[in-house]
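Just so it is clear, none of the values below were taken in a lab; they were calculated from the coordinates. Just so we're clear, the structure is a prediction, and the values are computed from it rather than from any experiment. Cβ coordinates were reconstructed from backbone atoms using ideal geometry, including for glycine residues, and neighbour counts include every protein chain displayed.
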Amino acid sequence: MTNILITGGAGFIGSSLAEAILTSDKYYVVLVDNLLTGSLNKIPLHERCKFIQCDVNDFTSLSVVMKMHHFDYVFHYAAVVGVKRTLANPVMVLQDVWGIRNVLDLSKETGVKRVFYSSSSEVYGEPTEFPQHEHTTPLNSRLPYAVVKNVGESFCRAYQMEFNLPYTIFRFFNTYGPRQTDDFVMSKFIHAALAHEPITIYGTGNQTRTFCHIRDNTECVKRILEESLVVNDVINIGSEKEVTILDLAKLIVRLTGSKSPIRFLPPLKEGDMTRRLPNSQKMKLILGGNLISLEEGIQEMIKLSIDSRGMDRKMQTTGI
């Protein structure tokens with residue numbers, strides 16, 4: 001049995017990765033999370049999955065977990081996330097450097113074969129090159145969240161050079177799908193549209209993003225694990241379909257048949273980059289084809305949201 005640790009395992013991407021990995025009977029997965037933004041209801045109910053509440057920034061707590069289980073691979077996904085949350089809590093964000101160091105130190109000491117680190121498209125900052133390539137686009141953001149992710153990448157490289165600890169760096173672009181909370185743009189817009197509530201946009205809405213469905217994300221990551229790909233290297237995990245935030249809102253209104261008005265708020269003071277567009281050639285090569293289309297992914301989320309609301313109403317009516 002191959003033992004895998006996923007930090008931030010009660011979060012959207014971490015729990016979704018666990019579910020994807022557990023489809024193979026050769027893995028035992030341990031999820032750790034401090035539940036700051038994670039949720040227990042996202043944890044897969046599986047006999048080969050175990051959850052431990054733990055703050056990776058606390059070396060002693062993480063040490064107990066890692067020395068008890070002797071992990072083969074570690075996915076370090078734990079982080080303070082969300083644009084508004086990270087802007088409002090810069091010191092908390094910077095403390096995540098401790099967790100990165102703890103994960104790498106303990107991985108080195110306990111014989112972990114490879115550490116997979118979740119970085120972010122935020123490291124690119126304001127764009128200077130399109131599409132944004134892993135090795136030629138400058139990492140120029142000065143926001144605390146991006147700085148921490150960049151420092152984490154440097155730590156991975158340093159531990160490989162000095163201690164021969166293999167790594168893979170994932171630069172995640174906007175990921176969406178089931179389990180995502182409503183404080184992220186895609187799920188927030190869909191939730192508002194289904195309730196016929198106003199959809200709020202910061203600034204003009206002309207800022208662009210690309211949106212990667214969680215199944216493409218986890219399938220790519222799983223193949224990287226199982227086929228020993230992208231070793232001691234970095235990969236963009238994201239779609240190449242660029243869309244403005246305003247057009248995203250309009251598309252969701254159309255697909256839901258919503259009466260939601262679109263309202264514009266003052267632009268954020270910082271952190272809302274004008275464009276994001278990854279070079280996704282590595283990802284597409286690994287997956288062997290095109291990614292899930294934006295419209296298909298949104299329609300799936302809408303159906304799941306409607307089904308979930310119907311189930312909630314049924315439970316309230318029956319008193320379950």
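For the chain, the relative contact order comes to 16 percent (Cα pairs under 8 Å, sequence separation of at least 6). Placing unit charges on the Cβ atoms of the charged side chains and taking the dipole of region 115-201 about its Cα centre, the candidate lying farthest along the positive direction among Tyr167, Pro127, Phe184 is Tyr167.
With +1 on each Lys and Arg Cβ and -1 on each Asp and Glu Cβ, and nothing else charged, work out how big the dipole of the chain is about its Cα centre, in Debye to the nearest 20. Mind showing how you got there, number by number?
On the way: 35 positive and 34 negative charges, 108 e Å.
Computed charge dipole of the chain: roughly 520 debye.
What the Cα atoms of region 203-261 give is an Rg and a Dmax of 16.3, 49 Å. Summing +1 for each Lys or Arg and -1 for each Asp or Glu among the other residues whose beta-carbon sits under 15 angstrom from that of Val230 gives +2.
Report the local net charge at Lys108: Lys and Arg +1, Asp and Glu -1, summed over other residues whose C-beta lies under 13 Å from its C-beta. Intermediate values should be presented prior to the final figure.
Values: positive: Lys67, Arg101, Lys113, Arg114; negative: Asp105, Glu109, Glu162.
Taking every Cβ under 13 Å from that of Lys108, the sum is +1.
Dividing the mean sequence gap of close Cα pairs (under 8 Å, 6+ apart) by how many residues region 77-180 holds gives a relative contact order of 35 percent. Applied to region 205-220, the Karplus parametrisation 6.51 cos²θ - 1.76 cosθ + 1.60 on θ = phi - 60° returns per-residue 3J(HN,Hα) values of x, 7, 5, 10, 9, 10, 10, 9, 5, 4, 5, 5, 4, 6, 5, 5 Hz, with x for Gly and Pro. Using equal-weight Cα scatterers in the Debye expression, the normalised intensity of region 47-172 in log10 at q = 0.09, 0.17 Å⁻¹ is -0.27, -0.91. Every helix of 4 or more DSSP H residues in the chain counts as -39500 (n - 2.57), and over all residues that averages to -13000 deg cm²/dmol at 222 nm.
Counting only GluC sites (Glu not before Pro) that DSSP places in a loop and that have at most 11 other Cβ atoms within 10 Å, the longest clean stretch of the chain runs over 48-226.
Kindly state, to the nearest 0.05, the FRET efficiency for Leu251 paired with Glu47, given R0 = 35 Å and r defined as their beta-carbon distance. E(calc), rounded to 0.05, equals 0.30.
Tell me which trypsin sites (Lys or Arg not before Pro) from region 23-69 have a DSSP coil assignment and no more than 13 other beta carbons within 10 Å of their own.
On the way: sites: Lys26, Lys42, Arg48, Lys50, Lys67; in loops: Lys26, Arg48.
Counting only loop positions with at most 13 other Cβ atoms within 10 Å, the trypsin sites (Lys or Arg not before Pro) in region 23-69 are Lys26.
Look at the dipole of region 178-283 built from charges on Cβ: of His213, Phe264, Val234, the Cα furthest out on the positive end belongs to Phe264. Label sites at Gln281 and Glu197, each approximated as a point 7 angstrom past Cα along Cα to Cβ, lie 4.4 nm apart. Here each label is just a point 7 Å from Cα along the line to Cβ, and for Phe264 and Lys303 those points are 3.6 nm apart.
Average projection, convex hull of the Cα set of region 44-94: 4.9 square nanometres. Computed on region 89-156, the Cα convex hull volume stands at 82 Å³ per residue.
Which value in Å does the Kirkwood hydrodynamic radius of the chain take, with 1/r averaged over all unlike C-alpha pairs and then inverted?
On the way: mean 1/r = 0.0492 Å⁻¹.
It works out to 20.3 Å.
Normalised size of region 1-76, defined as Cα radius of gyration per 2.2 N^0.38 Å with N residues, equals 0.99.
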